[in-house]
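Values in this text are rule-based calculations from the coordinates and carry no lab data. Computed from a prediction, not measured in an experiment: that's the story for all the values here. No Cβ is skipped: glycine too gets one built from the backbone with ideal geometry, and neighbour counts run over all protein chains shown.
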Amino acid sequence: MARPRNGSGALIRELNRSAILAFIWQRGPIARVEIAKALVLSPATVTVLTRDLVQEGLVREVAQAPSTGGRPGILLGLVAEVAHALGVKISSHRLTAVRVSLDGEPIQFADRPFDASAPDAVDRLVDELALLANSGGRQSRLLGIGLGVPGTVDPRHGGTVESPILGWRALPLAARVQDQLQLPVMVDNDVNTLAVSERLYGRGRAAENSITVTIGLGVGLGIIIGGELYRGALGGAGEFGHVRVLENGPSCYCGGRGCLETLVSDAAVTAAGHEIGILDEGDGVDRLRELADGGSREAREIYARAGRTLGRAVAGLVNVLSPQLVLVSGEGTQAWPHLEAAFEEAFRADLFPPLAGVTVEVDPWDDAKWARGAAALVLRATFSPPLYAHQPDDAVRARLTTVDGAA
């Protein structure tokens, strides 16, 4: 269980140090005087702590600020190459990995086949992660590994994963991988990692409150409130696909009936195509999309029904959470031209009138974004204030202070 640290002078120094480092990460290059103003710290405190950060090789003087008549200030920036983080999106059939530098910029991509249903899937995952971890040079440069998985993640018990899609039940994934690789490992729902990626690097940068809805194999939700990811009490916030939208509807793999996923996922629209006979045995969602693209009235109506159902459900979310921005992503957005009109009509019709101005944007499907968000789990631990003893965060910070500053 996390325990508050004591209120010593050392804690205050750590807090200020983390705040300065995070501010440079977010706003740099920036002058010391601007850091002091923004964080309400004395110039002397900022000078001392940034000097330490420069000596540790984490920050460097990168340029001079334009002079306004006095002595020009020196701008500080991160030494991005001093450390890396690895993010991996795990799906039922492949691994997508992104290695990022300390400033979050991608420097290496990888895509590997993976069978999550295999009896030795976790052992194979560990082997692949070991290869990925060592592919970027010395392991001492790697701060940790972030993993995005489809399912719920309980952070209280070793990052225990419940993922019906992958067939993983009560799996202490973070603990298993960390024990094998001797690296800090952080695990979260994959849609949460996408929401983090959008908040830090994408369309959600200007939105303090946003939701990311994904469609495709399932239906997912990532919630950003006040600029931070909301995970809920047990890490299960965002199981939007398992909200019941139809009484006595189709059976869902979760054990329920009439879940949103059973009506709008790729499997749902494909099943509808088979039911009315426009898809042959063995045909999947790609074929249904081809038919819709080609003008098939039946295929387009299947997508329209799914779009209307999704639009009503998302309107309910907006009415409860009042976000500034709704992002729609996932592999299912490849059929968005056939979903959009019905989605928009149902969504706007069901919105609480004062929220009618909320923006909906569709983000092209890109698994690398999800993986980048998983890597950001590690980076955020690096820059987060050390108010509470939390083993993964502490381990990442410890690795950051032991890497050297050489390129």
Work out from phi, with θ = phi - 60° and the Karplus expression 6.51 cos²θ - 1.76 cosθ + 1.60, the ³J(HN,Hα) of each residue of segment 172-187, listed in order in whole Hz, and give x for Gly and Pro.
-> x, 4, 4, 5, 4, 5, 4, 4, 6, 9, 6, 9, x, 10, 10, 10
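Please report the antiparallel percentage of DSSP beta bridges with both residues in the chain, rounded to the nearest 5. Write down the numbers at each step before the final one.
Working: 38 of 57 bridges.
Among the beta bridges of the chain, antiparallel pairing accounts for roughly 65 percent.
Using packing as a proxy for protection, rank 267-279, 302-314, 184-196 so that the peptide with the highest average count of other Cβ atoms within 10 Å comes first.
Ranked by mean Cβ neighbours within 10 Å, highest first: 184-196, 302-314, 267-279.
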Which angle between 0 and 90 degrees, to the nearest 10, do you get for helix 43-55 versus the longest principal axis of the chain when only C-alpha atoms count?
-> 80
Does anyone have the angle between helix 336-350 and the longest principal axis of the chain? Alpha-carbon axes, 0 to 90°, nearest 10?
-> 90
Rounded, prolate or oblate (a/c below 1.5 giving rounded, otherwise prolate when a/b exceeds b/c) for segment 88-232 by Cα gyration tensor = oblate
Radius 12 Å from Cβ of ARG244, net charge of other residues (Lys, Arg +1; Asp, Glu -1) | -2
Going fewest to most other Cβ atoms within 10 Å around each Cβ, VAL79, VAL59, VAL54 line up as VAL54, VAL79, VAL59
Filtering trypsin sites (Lys or Arg not before Pro) in segment 243-288 by DSSP loop and by at most 13 other Cβ atoms within 10 Å leaves none
For LEU279, which sequence-distant residues (separation of 5 or more, or a different chain) have an amide H within less than 5 Å of its own amide H, given hydrogens modelled in the peptide plane?
-> HIS274
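Counting other beta carbons within 10 Å of each residue's own, what order do THR359, THR214, THR333 fall into, fewest first? Each step should come with its number before you reach the end.
Details: THR359 12, THR214 28, THR333 19.
Ordered by Cβ neighbours within 10 Å, fewest first: THR359, THR333, THR214.
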Quick one: Debye curve from the alpha-carbon atoms of the chain only, equal weights, vacuum; give me log10 I(q)/I(0) at q = 0.09, 0.11, 0.13, 0.15 Å⁻¹ to two decimals.
-> -0.60, -0.86, -1.12, -1.36
Taking the C-alpha atoms of segment 241-342, how large are the radius of gyration and the largest Cα-Cα span, Dmax, in Å?
-> 13.9, 43
Evaluated over segment 9-78, the Cα radius of gyration and Dmax, each in Å | 11.6, 38
In degrees, nearest ten, helix 297-321 long axis to first principal axis of the chain (Cα) = 40
Of the residues LEU95, VAL33, ALA83, the Cα lying farthest along the dipole of the chain towards its positive end, which is defined by charges on the beta carbon of Lys, Arg, Asp and Glu, belongs to VAL33
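At 222 nm, what value in deg cm²/dmol follows for the chain if DSSP H runs of at least 4 each add -39500 (n - 2.57) and the sum is divided by all its residues, to the nearest 500?
Numbers: 13 runs with 167 residues, N = 407.
When only DSSP H runs of four or more count, the value is -13000 deg cm²/dmol.
Just want to confirm a number: the relative contact order over the chain, from Cα pairs under 8 angstrom separated by 6+ residues, in percent.
On the way: 797 pairs, mean separation 78.3, N = 407.
The value is 19 percent.
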